[in-house]
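The values are calculated or read from the model by the stated rules, or taken from the named source; none is laboratory data. Since the structure is predicted, the reported quantities are computational estimates derived from the model, not experimental observations. Note that each Cβ is placed from the backbone with ideal geometry, even for glycine, and that neighbours are counted across all protein chains shown. Areas reflect the complete protein model, heavy atoms only, side chains present, ligands, DNA and RNA absent. Shrake-Rupley method; radii C 1.70, N 1.55, O 1.52, S 1.80 Å.
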Amino acid sequence: MSIQYLHAMIRTTDPEASHDFYTKGLALVQTRRYDSEKGRFSLIYYASEEGAPEVELTHNWDDRTYGNGDQFGHLAFRVDDIYAVCANLQSMGVTILRPPRDGHMAFIKDPNGISIELLQAGDSLTPKEPWASMENTGSW
């Protein structure tokens, strides 16, 4: 049996804020987009590179709101420098909910309230400030 991971779907009410988060914050690229006038929805896909697993953002054009029960649990991304990624996200106004105190793992949320786990590629980085003494905040 062969299984290939394709994508995770998240519903969004603000595709523009989500686009900035995934492209500017996490350096993903938009790989494709499908807009359905008849179905009144858009599917927007992001990945680290062409052919990599994707995040599918589904934007229904109605005024519906979503809770964590009908959105998703969390996404996980491996990063080359967890401190640099967290600093960049923080400069964009993103709260680092679980700071990378151990140089290995952090949690944040995207503009839709979806938890995202960031994992350092390879060995953990040496703990350093301001991350080493930063407290957890909120939930993830």
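Quickly run through segment 117-131 and pick out the residues that are open to solvent by 40 Å² or more (accessible area, probe 1.4 Å) and closer than 14 Å to A87 by Cβ. If you could, list the steps in order and put the result at the bottom.
Residues of segment 117-131 that are open to solvent by 40 Å² or more (accessible area, probe 1.4 Å), as a first pass: 119, 122-130.
Across segment 117-131, the qualifying residues are L125, K128, E129, P130.
Could you list all residues from segment 76-116 that are of a type outside the set (S, T, Y), open to solvent by less than 10 Å² (accessible area, probe 1.4 Å) and in a strand (DSSP E or B)?
Scanning segment 76-116 gives A106, I108, I116.
For the structure I just gave you, tell me whether G51 is assigned to a loop (DSSP other than H, G, I, E, B), open to solvent by 20 Å² or more (accessible area, probe 1.4 Å), within 17 Å of M9 (Cβ to Cβ) and not basic (K, R). Quick ask: steps written out before the conclusion?
Values: assigned to a loop (DSSP other than H, G, I, E, B): yes; open to solvent by 20 Å² or more (accessible area, probe 1.4 Å): yes; within 17 Å of M9 (Cβ to Cβ): no; not basic (K, R): yes.
For G51, the condition - assigned to a loop (DSSP other than H, G, I, E, B), open to solvent by 20 Å² or more (accessible area, probe 1.4 Å), within 17 Å of M9 (Cβ to Cβ) and not basic (K, R) - is not met.
Quick test for you: out of W61, W140, pick the one residue that is under 14 Å from the mean Cα position of the chain (by Cα) and open to solvent by 60 Å² or more (accessible area, probe 1.4 Å). Spell out the reasoning first.
Numbers: W61 fails: under 14 Å from the mean Cα position of the chain (by Cα).
None of the others qualify; the one that does is W140.
Can you confirm whether L43 is of a type outside the set (V, I, T), on the phi < 0 side of the Ramachandran plot, open to solvent by less than 20 Å² (accessible area, probe 1.4 Å) and assigned to a strand (DSSP E or B)? Reasoning before the result, please.
Values: of a type outside the set (V, I, T): yes; on the phi < 0 side of the Ramachandran plot: yes; open to solvent by less than 20 Å² (accessible area, probe 1.4 Å): no; assigned to a strand (DSSP E or B): yes.
No: the conditions fail for L43.
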